[in-house]
1. Go through 50, 62 for me and flag whichever is under 26 Å from residue 86 (Cα atoms), out of contact with any Leu (no Cβ under 8 Å at 6 or more places or on another chain), of a type outside the set (Gly, Ala, Ser) and at pLDDT 95 or above.
2. Name the pairs whose Cβ atoms lie under 7 Å apart, with the first residue in the stretch 83-104 and closer than 13 Å to residue 66 by Cα, the second among the acidic types (Asp, Glu) and not in a helix (DSSP H, G or I), and 6 or more positions between them or separate chains?
3. Looking at (1) away from the ligand (no atom under 16 Å from the Cβ); (2) out of contact with any Lys or Arg (no Cβ under 9 Å at 6 or more places or on another chain); (3) at pLDDT 95 or above; (4) among the acidic types (Asp, Glu), which is the one condition that is false for residue 111?
4. Consider residue 213 against the criteria (1) assigned to a helix (DSSP H, G or I); (2) farther than 23 Å from residue 31 by Cβ; (3) of a type in the set (A, V, I, L, M, F, W, C): it satisfies all of them except one. Which criterion is unmet?
5. Looking only at the stretch 161-206, which residues are of a type in the set (Asp, Glu) and part of a loop (DSSP other than H, G, I, E, B)?
6. What are the pairs with Cβ atoms under 7 angstrom where one residue, in the stretch 196-214, is more than 18 Å from residue 177 (Cα to Cα) and without any contact (Cβ under 8 Å) to a residue 60 or more places away in the chain and the other, located anywhere, is part of a loop (DSSP other than H, G, I, E, B) and within 16 Å of the ligand (Cβ to nearest atom)? Sequence gap at least six, or different chains.
7. Would you please list the contacts, defined by Cβ atoms under 8 Å and residues six or more apart or on different chains, that run from a residue in the stretch 127-156 that is without any contact (Cβ under 8 Å) to a residue 60 or more places away in the chain and within 26 Å of residue 87 (Cβ to Cβ) to a residue that is among the charged types (D, E, K, R) and more than 16 Å from the ligand (Cβ to nearest atom)?
8. Condition first: without any contact (Cβ under 8 Å) to a residue 60 or more places away in the chain, away from the ligand (no atom under 16 Å from the Cβ) and in contact with a Phe, Trp or Tyr (Cβ under 7 Å, 6 or more places away or on another chain). Can you find one or more residues in the stretch 183-195 that meet it?
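The values are calculated or read from the model by the stated rules, or taken from the named source; none is laboratory data. The shown structure was predicted, so the numbers you read here are calculated from the model rather than taken from an experiment. So basically every Cβ, Gly included, is an ideal-geometry build from the backbone, and we count neighbours across all protein chains shown.
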Amino acid sequence: MQQLTANVWAEHGFRGCNCGFLVTREGVVMIDCPQRPTDARQWRQIIFTHGQPRYLVNTEPHADHVMCDSLFPEAIVVAHQGTRQAMTNHTVEAFCKRISELDPEGMAMLDGYHVRLPSIVYESRLTLYLGEHTIELINLPGHTPWQTAIYLPQERVLFTNDNVFHRVHTFLHEAVPEQWLVSLEAMKRMEADWYVPGHGQPFSDRAYLDQQAQLVRQWIATIKESVARGWSRDETFERLPLLDPYSPESGGEDRAREIRRMSVNRLYSLYSGR
Ligand SMILES: [Zn+2]
């Protein structure tokens with residue numbers, strides 16, 4: 001775990017998304033939570049040494065960000081309304097299957113476990129005030145249409161969500177690529193000393209936002225070109241140049257291939273209309 005500022009911590013070591021929190025005089029604001037129940041247990045201990053959990057912001061609906069929401073009943077879950085809607089497709093069965101694969105030991109901790117949906121939703125922006133802190137939730141579409149970025153002006157920290165994969169393989173399987181580019185530009189305009197990406201290490205160099213945009217731009221151009229040439233979905237995938245210079249966090253080349261397949265599927269559908 002890394003302490004980034006006087007009141008902000010981020011953990012990059014859990015399997016799955018990064019998690020973070022802000023400590024205020026009136027309690028703790030959590031940003032996403034670990035997907036493995038054993039990590040969630042450890043995370044609870046850490047959180048409670050800093051205060052009472054008040055809010056848990058889910059930055060997106062993917063399982064690695066939301067699967068253990070129900071293990072933090074003290075916090076009110078907040079998310080974009082599209083994230084909440086997408087989360088209604090999650091089932092306890094699917095989550096338990098994933099937990100049995102990723103965290104067999106965690107299966108013993110699932111007493112009362114359920115799919116928890118956000119209690120507070122918003123559409124474009126939502127500001128929370130807690131203690132002396134301002135917490136700005138902003139819908140910045142990209143990795144999914146419903147991404148929430150969390151900007152903490154007093155701390156000069158931006159939680160970018162999965163719109164930034166810092167030096168790890170980028171997932172585009174539910175992406176809205178053109179809007180993603182607009183969102184990255186919006187992030188560049190926010191004054192921050194620290195960026196906490198959805199995956200990969202927190203960083204300070206704003207130039208990485210341009211690198212992420214460049215990758216998204218290459219994806220757009222590559223798939224549009226394949227469609228223009230009349231290539232099929234499979235042909236597009238097989239001929240795909242290696243766009244992403246980074247490996248997935250886990251799973252090696254097989255996993256990378258699987259992610260590329262999902263990303264091609266998404267963009268091919270968008271640009272071919274099929
Ligand atoms: Zn995701």
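1. Working: 50 fails: under 26 Å from residue 86 (Cα atoms).
Checking each option against the conditions leaves just 62.
2. Once the first residue is closer than 13 Å to residue 66 by Cα and sits in the stretch 83-104, its partners that are among the acidic types (Asp, Glu) and not in a helix (DSSP H, G or I) give 83/60.
3. Going through (1) away from the ligand (no atom under 16 Å from the Cβ); (2) out of contact with any Lys or Arg (no Cβ under 9 Å at 6 or more places or on another chain); (3) at pLDDT 95 or above; (4) among the acidic types (Asp, Glu) one by one, residue 111 breaks only (3).
4. The single condition residue 213 does not satisfy is (2).
5. Residues satisfying the conditions are 174, 191, 193, 205.
6. Sorted first by the residue in the stretch 196-214, then by its partner, the pairs are 203/166.
7. Here the result reads 127/136; 136/125; 138/125; 139/123; 139/125; 151/136, each pair linking the stretch 127-156 to a residue that is among the charged types (D, E, K, R) and more than 16 Å from the ligand (Cβ to nearest atom).
8. Looking through the stretch 183-195, at least one residue is without any contact (Cβ under 8 Å) to a residue 60 or more places away in the chain, away from the ligand (no atom under 16 Å from the Cβ) and in contact with a Phe, Trp or Tyr (Cβ under 7 Å, 6 or more places away or on another chain).
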